[in-house]
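Down below is the structure, laid out as structure tokens.
The values are calculated or read from the model by the stated rules, or taken from the named source; none is laboratory data. Nothing here was measured: the structure is a model prediction, and the numbers come from that model. Using ideal geometry, Cβ is built from the backbone for each residue, glycine included, and neighbour counts are taken over all protein chains shown. For the accessible areas, the whole protein counts, side chains as well, though only heavy atoms, and no ligand, DNA or RNA atoms are used. Shrake-Rupley method; radii C 1.70, N 1.55, O 1.52, S 1.80 Å.
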Amino acid sequence: MSSIRLFILGSFAQRGEMHGHQLRLLAEEEHVQMWTDISVGGLYGALKRLHAEGLIADVRTEQDGNFPARQVYAITDGGREQLRALQSEGLSNFVLRPDPFDLALTRLDPDRLDHLPEVIEERVRLLNELLRTTVDANEQAHPYLTLAETYALEHREHRLRAEIEWHEGFVAALPGILADERHRIHPPLPT
């Protein structure tokens, strides 16, 4: 599933013809980097790939004053077909990316176990700060959002709240985890 392809093709389908700079401004206006895995800087490269694949096509070249000429694109029939497939995949598949925290937790440094509570405390603080800024940003954006956009942004809030809740349980279990790690004996390596 490619979020950037879905964003670009979906934007052309919804908004019509545009050039790359307009697409970038749209991504910045919608703050896609805050609620998706899209890097705004990656839009131009993705546009070139979609064009090479025939999913978007040249419509015309525009030049405004002394600015460089800009190529205006539109979605093709093949692009609409690809968009439908991406929409279907995006709506039906669930993505839960592994968190490097889990691997680090299973590979703790026995000489630094006493530092783990403060590391976790800082992690929880950062998660709470991220939730606070997310809620604030969502509240500011709310008057300008469609109902679907509102739910999309609230999804991040709910995921953060679940992550914080899990960490609260982890903090409560931390004394037992530390005791277990202090007495850990590693089995022999497989042969």
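I want to verify the translational diffusion coefficient of segment 1-99 in µm²/s; compute it with Stokes-Einstein, Rh as the Kirkwood radius over Cα pairs, at 4 °C and 1.567 mPa s. Estimated diffusion coefficient is 92 µm²/s.
Spacing of the modelled spin labels on residue 62 and residue 147, each 7 Å from Cα toward Cβ, amounts to 3.3 nm.
How much accessible area per residue does the chain have, counting only protein heavy atoms and a probe of 1.4 Å, in square angstrom?
69
Overall, segment 110-173 carries a charge dipole of about 160 debye about its Cα centre when +1 sits on the Cβ of Lys and Arg and -1 on the Cβ of Asp and Glu, all other atoms neutral. Scanning the chain for long hydrophobic helices, with DSSP H runs required to stretch 15 angstrom or more by C-alpha along their axis and to average at least -0.5 on the Kyte-Doolittle scale, returns 3-15, 116-141, 147-182. Within the accessible area of the chain, the carbon and sulfur atoms contribute 54%, probe 1.4 Å, all protein chains present.
Taking the inverse of the mean 1/r over every pair of distinct Cα atoms in segment 17-60 gives a Kirkwood hydrodynamic radius of 11.1 Å.
The base-10 log of I(q)/I(0) for segment 86-191, evaluated at q = 0.23 Å⁻¹, reads -1.30 [Debye formula, identical scatterers on Cα atoms, solvent excluded]. As an equivalent ellipsoid, segment 109-153 spans semi-axes of 37, 10, 4 angstrom, where each value is the square root of five times an eigenvalue of the C-alpha gyration tensor, largest first. Here is the list for segment 57-156: trypsin sites (Lys or Arg not before Pro) lying in DSSP coil, each with at most 16 other C-beta atoms within 10 angstrom of its C-beta, are 107. Both radii were evaluated on the Cα set of the chain; the Rg over Rh quotient, with Rh as the Kirkwood radius, amounts to 1.12. Put +1 on the Cβ of every Lys and Arg and -1 on every Asp and Glu Cβ in the chain; which of 119, 160, 86 then has its Cα farthest towards the positive end of the dipole? Highest projection toward the positive end goes to 86. Here the chain is assigned +1 on the Cβ of each Lys and Arg and -1 on the Cβ of each Asp and Glu. Its dipole about the Cα centre then comes out at about 600 debye.
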